[in-house]
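*Asks:* My questions all concern the structure below.
The values are calculated or read from the model by the stated rules, or taken from the named source; none is laboratory data. Just so you know, these numbers come straight off a predicted model, no measurement behind them. Neighbour counts are summed over all protein chains in view; Cβ atoms, including those assigned to glycine, are modelled from backbone coordinates with ideal geometry. The protein model used for the area step is the full one, side chains on, heavy atoms only, and it has no ligands, DNA or RNA in it. Shrake-Rupley method; radii C 1.70, N 1.55, O 1.52, S 1.80 Å.
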Amino acid sequence: MTRERFLSRREVVRIGGMGLLCSPLAALVGCGAPAPRTYTEPGGAPYEGTDEQLLDEIQRATFSFFWNEASQNTGQVKDRALANGNDSRLMSSIAATGFGLASLCIGDQRGYGKSADILERVRKTLRFLANTLPNEHGFFFHFTNMETGQRWEKCELSSIDTSILLCGVLTRGNICESRNQRPRDDNL
């Protein structure tokens, strides 16, 4: 009976190293010439406004998303929504809610909505966060039901998304400070 010869560790490392050194050259072997890239002009008329008008349009549309895709009762914002506006899903995201709070403050400063309506939405959102939305030691679940605040299926607690939410809360405070409207506990 003959004994098969196994590779030593040194031989395995050498073969592996050679493979790694040669891997950038593998793209050149047997691939032929790359297919030519073609540019397709997008359909429709080009935007005719100024850069400032385009930015304002994008900002208004962003504000509108966070305004329209949030619960009027809880302020929780959908994680995603259909572009045609006919989205009946109830999954919200605490990160989206944080972005929504920041968007409401910015929209108020730029006059994208009525200040009284925006302030009431912010208050409802903050009340819901403080009094109803379940959390574990201050960390919120990534996804929740936007009307009840209950954990969505088996999603996890999220330190990152809780941080984004809290950034939105802090933005609200900073905007009020800059407008000499110091937030008070009874305003929640």
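*Asks:* I'm told ASP117 meets every condition in (1) within 27 Å of CYS155 (Cα to Cα); (2) open to solvent by 10 Å² or more (accessible area, probe 1.4 Å) except one. Can you identify the failing condition by its number?
*Replies:* It fails just one condition, (1).
*Asks:* Quick one: GLN53 ticks every box in (1) farther than 18 Å from ARG172 by Cβ; (2) of a type in the set (S, T, N, Q); (3) part of a loop (DSSP other than H, G, I, E, B) bar one, so which box is it?
*Replies:* (3)
*Asks:* Separate question: Counting just the residues of region 137-176 that are of a type in the set (Val, Ile, Thr) and closer than 30 Å to SER115 by Cβ, which one comes out modelled with the lowest pLDDT?
*Replies:* Step one: filter region 137-176 for residues of a type in the set (Val, Ile, Thr), giving 144, 148, 160, 162, 164, 169, 171, 175.
This time we only want the ones that are closer than 30 Å to SER115 by Cβ, so: 144, 148, 162, 164, 169, 171, 175.
Numbers: THR144: 95, THR148: 94, THR162: 94, ILE164: 94, VAL169: 92, THR171: 86, ILE175: 60.
Looking at residues that are of a type in the set (Val, Ile, Thr) and closer than 30 Å to SER115 by Cβ, I get ILE175.
*Asks:* I'm told THR97 meets every condition in (1) open to solvent by less than 40 Å² (accessible area, probe 1.4 Å); (2) out of contact with any Leu (no Cβ under 9 Å at 6 or more places or on another chain); (3) of a type in the set (Val, Ile, Thr) except one. Can you identify the failing condition by its number?
*Replies:* (2)
To keep it simple, each residue is scored yes or no on (1) among the hydrophobic types (A, V, I, L, M, F, W, C); (2) at negative phi.
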| position | (1), (2) |
| --- | --- |
| ASP87 | no, yes |
| LEU101 | yes, yes |
| VAL122 | yes, yes |
| GLY149 | no, no |
| LYS154 | no, yes |
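*Asks:* Can you tell me which residue is farthest from LEU166 (Cα to Cα) among those in region 67-94 that are in contact with a strand residue (DSSP E or B) (Cβ under 9 Å, 6 or more places away or on another chain) and surrounded by fewer than 22 Cβ atoms within 10 Å (Cβ to Cβ)? Let's see the steps before the verdict.
*Replies:* First pass over region 67-94, keeping only residues in contact with a strand residue (DSSP E or B) (Cβ under 9 Å, 6 or more places away or on another chain): 69-71, 74, 76-80, 87, 89-94.
This time we only want the ones that are surrounded by fewer than 22 Cβ atoms within 10 Å (Cβ to Cβ), so: 69, 71, 79-80, 87, 89-91.
Working: GLU69: 19, SER71: 19, ASP79: 17, ARG80: 20, ASP87: 27, ARG89: 24, LEU90: 22, MET91: 19 Å.
My answer is ASP87.
*Asks:* Also: Using the structure shown, decide if LEU82 is without any contact (Cβ under 8 Å) to a residue 12 or more places away in the chain, in contact with a Lys or Arg (Cβ under 9 Å, 6 or more places away or on another chain) and not small (Gly, Ala, Ser).
*Replies:* yes
*Asks:* Need pairs with beta-carbon distance below 7 Å; first residue under 13 Å from SER93 (Cβ atoms) and in contact (Cβ under 8 Å) with a residue 24 or more places away in the chain and within region 142-162, second of a type outside the set (Lys, Arg) and open to solvent by 100 Å² or more (accessible area, probe 1.4 Å); sequence gap 6+ or separate chains.
*Replies:* HIS142/GLU156; THR144/GLN150
*Asks:* Do you know which residues across region 13-50 are open to solvent by 80 Å² or more (accessible area, probe 1.4 Å), in a helix (DSSP H, G or I) and either aliphatic (A, V, I, L, M) or modelled with pLDDT of 70 or more (or both)?
*Replies:* Matches in region 13-50: VAL13, ARG14, ILE15, MET18, LEU20, LEU21, LEU25, LEU28.
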